[in-house]
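The values are calculated or read from the model by the stated rules, or taken from the named source; none is laboratory data. Quick caveat, the model's predicted, so the values are computed rather than measured. Don't worry about glycine lacking a Cβ; one is built from the backbone with ideal geometry, like all the others, and counts go over all protein chains shown.
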C-alpha cells in the first residue's frame, strides 16, 4: 500500500509539473508566433524563431505524454508543494 501511495505522489508531481510546463510553453509559443508574423522571412532571426517554435512544440508533446501518464493512473493535478507530496 505504501508503494502505491509513493507512486501516486510521484505521479501527481509529474502531472503538476507538466501543467506548469504547458503554461510556460503557451507563453513562449505565442511570443514566437507573434514575432514570426511581424518579421519578414528574410530577417536573420526568422530561421532561429522557426527552430525555437519546433523545439517548443516537441516539448509540448512530451508534456502531453506526462499528462496522459498521470491520467491513466486516474489522478488529477492539484496545486501543491512538491516537498509535501514527497515527504509528508
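Table for the structure above
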| read-out | value |
| --- | --- |
| Residue ID - surrounded by the fewest Cβ atoms within 10 Å (Cβ to Cβ), chosen from residues in the range 31-46 that are free of Cβ contacts under 8 Å to residues at least 12 places away in the same chain and under 18 Å from residue 57 (Cα atoms) | 37 |
| Subset of the range 42-69 (residues that are in contact with a helix residue (DSSP H, G or I) (Cβ under 6 Å, 6 or more places away or on another chain) and either farther than 30 Å from residue 7 by Cα or not in a helix (DSSP H, G or I) (or both)) | 49, 52, 53 |
| Single residue of 52, 84 found to be at pLDDT 90 or above and more than 13 Å from residue 17 (Cβ to Cβ) | 52 |
